[in-house]
1. For residue 88 and residue 279, compute 0.36 nm times the residue count separating them, minus their Cα-Cα distance, and round to one decimal in nm.
2. Let me spell out the model: positive unit charges on the Cβ of Lys and Arg, negative unit charges on the Cβ of Asp and Glu, origin at the Cα centre of the range 188-341. What dipole size does that give, in debye rounded to 20?
3. Sort 63-73, 154-164, 381-391 for me by packing, meaning the mean count of neighbouring Cβ atoms within 10 Å per residue, highest on top.
4. Let me know the Rg and Dmax you get for the range 302-421 when you use only its Cα atoms, in Å.
5. Averaged over all directions, how much area does the convex hull of the C-alpha atoms of the chain cover when projected, in nm²?
6. On average, how much area does the Cα convex hull of the range 1-98 cover when viewed from any direction, in nm²?
7. Counting only the backbone N, which residues of the range 155-185 are under 14 Å from the spot 7 Å out from the Cα of residue 149 toward its beta-carbon?
8. Report the dimensions of the range 1-44 along its three principal axes from the alpha-carbon atoms, largest first, rounded to Å.
Amino acid sequence: MEKFIIKGGNPLEGKITISGSKNSALPILAATLLTPEECVIHRVPNLSDIRYMLEILKFLGAQVDYENGTVRIKCKNVHSTAPYDLVRKMRASICILGPLIARCGQARVSLPGGCVIGDRPIDLHITGLQKLGADIEIIKGDVVAHGGILRGTSIHLKGKYGSTVLGTDNVMMAACQAEGTTIIEGAACEPEVEDLAHFLCSMGAKISGMGTQQLIIEGVKELHGCEYTIITDRIEAGTFAVAAAMTKGNLFLEHAPVEHMGSVLEKLKDCGASIEIENQGIRVSRSGPLRAFEIVTAAYPGFPTDMQAQFCAMATVAEGTSKIVENIFPNRFMHISELKRLGAMIELSQNQALIHGIERLSGAPVMASDLRASAALVLAGLVAENTTEVHRVYHIDRGYEKIDEKLSSVGANITRVYSKI
Ligand code: EPU
């Protein structure tokens, strides 16, 4: 195991280059199962989640070469069973289900199991794929599907908590080669879903309505190989933007996808940060006080749940009381008890947190529990007095490429060391 040792107090100044989007790359890699031809995908971030996905694809028969951010992948022969040992490590592995059904006419994919951010059902994925004609049962913890001939139809994909990102991805991928036209209503509009749709179109799919709640997919006979560059990661960029605001720094975030960051940048401005859109990215700085704020997480273009923990860390040192309402994953508050170990004053009631800002956090050992919670703890460590130790940083390595190196390069005092716990 590894931990970060962070000595807080340095303002971050300089340039950070934003990596490719994890949540685009994962389903895009899964989509390569749809063709026997080679796909070349650029700007793939070097993250443990990406390496898990490549392991799964290799197990299913893919030839993979991954160097300098470019994946060359050829799924000439594919078999259709992904066992528990492989998929349990990452919930996003469920997005191989749609492509496998489309390519092999059948699939057996283990259910990924529990998740620390709360219940992560896949009922909408299943009903969507069933509507296309797949026969699906859960047998001994596996999703077992028989595709037969998939036929286009009208599918509504909204559930109790709104649209589903990976559910939309799964149904869209399966529909690309279904007979006739599929209309997905209530589709997720996240930029990562749109990126997957662009990738599928580069493979020869016919999709319209990208980035809207209605996707229209005209089935084609086959998909072919292609070359594609993934969008940059709006959540990584947002996390560094919060770091600049919290530390009273001045960071240029090269290649930050400003067009996808509207709600986060607006909220940062409300908090007192200054945002300048420049030619190749954005500059985030702060000179005045950090002000309290209110956020309510929502589907895109609303405020992303994947930025909630980071804003919670920022609220701990903002002037006044901030309020956070988490509407996508109501239990996604694992970071709160750890932030309290640093002195944060937070009241949690159901899916709402009230955060009373204090002048300074004080360093302590804390435990990372999931990806974005770990990011919040690192941010808190950057402004805490003395030393903060963030344990179990493998959680953060799932979704942030070399975060310690990127932060050190702009003045943070952060080191990665071996840890027994
Ligand atoms: N939901 C259902 N039924 C389903 C699927 C989802 O009720 O069949 C509910 C969920 O319980 C949740 C809401 O719908 O309340 C949204 O979940 P969604 O399916 O959109 O989440 P996901 O596709 O599994 C992706 C991201 C998450 C991100 C969410 C929400 C990837 C690989 N993961 O998950 O990213 O939080 O969308 O935007 O794209 C992260 O990067 O840290 C992360 C967790």
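Just so it is clear, none of the values below were taken in a lab; they were calculated from the coordinates. Just so it is clear, the model here is predicted, and its values are computed rather than measured. When we count neighbours, we look across all protein chains shown, and the Cβ atoms used for this are built from the backbone with ideal geometry, even at glycine.
1. Numbers: separation 191, 0.36 × 191 = 68.76 nm, distance 4.14 nm.
Using 0.36 nm per residue and subtracting the Cα-Cα distance, I get 64.6 nm.
2. Values: 13 positive and 20 negative charges, 133 e Å.
Dipole magnitude for the range 188-341 comes out near 640 debye.
3. Values: 63-73: 14.8, 154-164: 17.3, 381-391: 22.0.
With the highest mean Cβ count within 10 Å placed first, the list reads 381-391, 154-164, 63-73.
4. 13.7, 40
5. On the way: hull surface 73.0 nm².
Projected over every direction and averaged, the Cα hull of the chain covers 18.2 nm².
6. On the way: hull surface 32.6 nm².
About 8.2 nm², averaged over all directions.
7. 178-181, by backbone N distance to the label point.
8. 52, 29, 14
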